[in-house]
Amino acid sequence: MLSFLCRENTHEGGNKPMYDFITDLFNIDKKMIKKIEVISSKDLTEFHISLVSEKLRCPYCHGITHLHGFSKPKVINHPKLTDRKCIIVFKNNRYQCNECLRTFSGKNPFTFSNFKNSFLSMNNIMKSLSNLNYTYSMVAELNHISVTQVQRYFDSFVNIPKIRLPESIGIDEIHSKMAKRADSAYLCVMVDNKNRSLFEILPSRSKSELRRYFDRIPAEERNCVHYVTIDMWEPYKDIANTYLKNAIIAVDPFHVVKHLMDCFKRIRLNIMYQAEYNSNSYYLLKTWKDLIERDVYLDNEPVYNKRFKKKLNKRNLLDMILDVSENLTLGYRLKEMYLYFNENATEKDCESWFDSIYEAFREAQLPEYNEFVSILQTWRTEILNSFKRPLDDRKLSNALSENINGQIRTYLAVSNGVRNFTRFRKRCLLSLNRKVFYSINDQLKSDKYTTDKKQNN
């Protein structure tokens, strides 16, 4: 066991460097410290701390007070030092009023009244909770406290200010058991496309829930929304047209392409199942499907193919696949035509280009493409709007929504089920919105909050 005494005054035998280290460790003004005694063992480091007396006014009558002994030592848990548990043993000053004779304790700079963990312990906990990769259980285990205590800290310290509707909104959904299943099995996730952050999660993606949300927002604020990106969920479009009257609605290009690829896949499967099992056609459509369904480099060096007993590269195999069926070739050409349009069209030429592609799909009369033709017809305006580039020369899309949804899904997966929607919403906003912050006391706040304050000043 190692024990030593630290005082700020080095003439009294104190250790000044150690003293400075300890005061920095506890985030406390060194002028407040009267004495620090450090007792260290193999598994535990104890800091026995007493403070200098202050000139305080009586909290009852505002009279002049004097020092009146010490309170019972209070044990406070502190973050580990290296691999050792760390505690603060704090003897608080007691004061007595010269006029009313009442007594009271001085301020505890290490924690709140009746709390067993230091401010810095709480700060470490809240920093961990700002990362969705950490579950409440993981944070509790790391800090040797209960899950319930971690959740109480989170509920107490997280602040969600009023967040105005952003200029560009991305609306998407995520499947969850927390959703109001009478309305929907999906939560509604809304993001700020311009500032690239999450700004709201609703307990349902239903039209009734969306109405309740937007009804509470003043029309003046709603009219400042200029762009809305959505997937092809009809209620999103209806709500945007009703409440966001100045907004241009754009369909996410990825979802349109996904529908196209699903339709083309049905063409391939229908032709494959019509072919004789284990025939060359079946083999090509089964084994080499990626050549027609994915973006694959085709001009590789020829490789010996055991089935055809000759060297073939991927372009040779693609040509053989397209020879299987005229409908497959037609479906493939149409699919590639739309993908090229989606990748290369601009806001100026997209309308005429789109119309010619629509006619090509319609005239082909492939049954598997009927659904996609209907999508092109129904969502024409919103698809064309996606070619606008108002934000950093990026097409309007739900790419950010998908990215944020991925982070939320990861959190749901690692947390092994989340049931409290209110806490779930706060947790996601704390992690994915720079305006949502935690504040423990005047000195300990979210780093992002401090940064934002400096920028605003």
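The values are calculated or read from the model by the stated rules, or taken from the named source; none is laboratory data. Just so you know, these numbers come straight off a predicted model, no measurement behind them. Positions of Cβ are backbone-derived with ideal geometry, glycine not excepted, and every protein chain shown enters the neighbour counts.
What is the number of the single condition among (1) crowded, with 17+ Cβ neighbours inside 10 Å; (2) within 25 Å of Asn270 (Cα to Cα); (3) hydroxyl-bearing (Ser, Thr, Tyr) that Tyr411 does not meet?
With (1) crowded, with 17+ Cβ neighbours inside 10 Å; (2) within 25 Å of Asn270 (Cα to Cα); (3) hydroxyl-bearing (Ser, Thr, Tyr) applied to Tyr411, the lone miss is (2).
Based on this model, can you work out whether Tyr282 counts as surrounded by fewer than 18 Cβ atoms within 10 Å (Cβ to Cβ), touching a helix residue (DSSP H, G or I) at 6+ places or on another chain (Cβ under 8 Å) and not polar (S, T, N, Q)?
Against the criterion (surrounded by fewer than 18 Cβ atoms within 10 Å (Cβ to Cβ), touching a helix residue (DSSP H, G or I) at 6+ places or on another chain (Cβ under 8 Å) and not polar (S, T, N, Q)), Tyr282 qualifies.
Suppose we keep only residues that are buried (at least 19 other Cβ atoms within 10 Å of the Cβ) and of a type in the set (A, V, I, L, M, F, W, C) within the stretch 203-232. Which one would you say is farthest from Glu167 (Cα to Cα)?
Leu210
Only one of these is touching a helix residue (DSSP H, G or I) at 6+ places or on another chain (Cβ under 8 Å) and among the polar types (S, T, N, Q): Asn316, Asn342. Name it.
That would be Asn342, the only listed residue that is touching a helix residue (DSSP H, G or I) at 6+ places or on another chain (Cβ under 8 Å) and among the polar types (S, T, N, Q).
Hey, can you tell me all the residues within the stretch 73-102 that are under 39 Å from the mean Cα position of the chain (by Cα) and either outside any strand (DSSP E or B) or farther than 25 Å from Asn143 by Cβ (or both)?
Thr82, Asp83
Taking the conditions exactly as written (under 30 Å from Asn300 (Cα atoms) and within 34 Å of the chain's Cα centre (by Cα)), does Asn344 satisfy them or not?
Spelling it out, Asn344 is indeed under 30 Å from Asn300 (Cα atoms) and within 34 Å of the chain's Cα centre (by Cα).
Output the number of residues of the stretch 93-107 satisfying the condition of being out of contact with any His (no Cβ under 8 Å at 6 or more places or on another chain), closer than 22 Å to Val52 by Cα and surrounded by fewer than 19 Cβ atoms within 10 Å (Cβ to Cβ).
Of the residues in the stretch 93-107, 5 are out of contact with any His (no Cβ under 8 Å at 6 or more places or on another chain), closer than 22 Å to Val52 by Cα and surrounded by fewer than 19 Cβ atoms within 10 Å (Cβ to Cβ).
Quick one: in the stretch 129-144, of everything that is surrounded by 18 or more Cβ atoms within 10 Å (Cβ to Cβ) and more than 17 Å from Asn416 (Cβ to Cβ), which residue is nearest to the chain's Cα centre (by Cα)?
Ser130
Please list, ordered by residue number, the helices (runs of 4 or more DSSP H) wholly in the stretch 242-358 having 3 or more residues that are without any contact (Cβ under 8 Å) to a residue 24 or more places away in the chain and not hydroxyl-bearing (Ser, Thr, Tyr).
The qualifying helices (runs of 4 or more DSSP H) are 253-274, 314-322, 326-344.
Report, by residue number, each residue of the stretch 42-72 that is in a strand (DSSP E or B) and either among the hydrophobic types (A, V, I, L, M, F, W, C) or exposed (fewer than 11 other Cβ atoms within 10 Å of the Cβ) (or both).
Leu44, Phe47, Ile49, Leu51, Ile64, Leu67, Gly69, Phe70
Looking at (1) touching a residue at least 24 places away in the same chain (Cβ under 8 Å); (2) under 17 Å from Ile249 (Cβ atoms); (3) out of contact with any strand residue (DSSP E or B) (no Cβ under 6 Å at 6 or more places or on another chain), which is the one condition that is false for Asn223?
Answer for Asn223: the failing condition is (1).
Does any residue in the stretch 93-116 that is outside the structural domain of Leu51 (by TED's automatic domain parsing) and under 18 Å from Gly69 (Cα atoms) come within less than 6 Å, Cβ to Cβ, of a residue that is at pLDDT 90 or above and acidic (Asp, Glu) six or more places away or on a different chain, and which pairs are these?
Taking only residues 6 or more apart or on different chains, not a single pair turns up.
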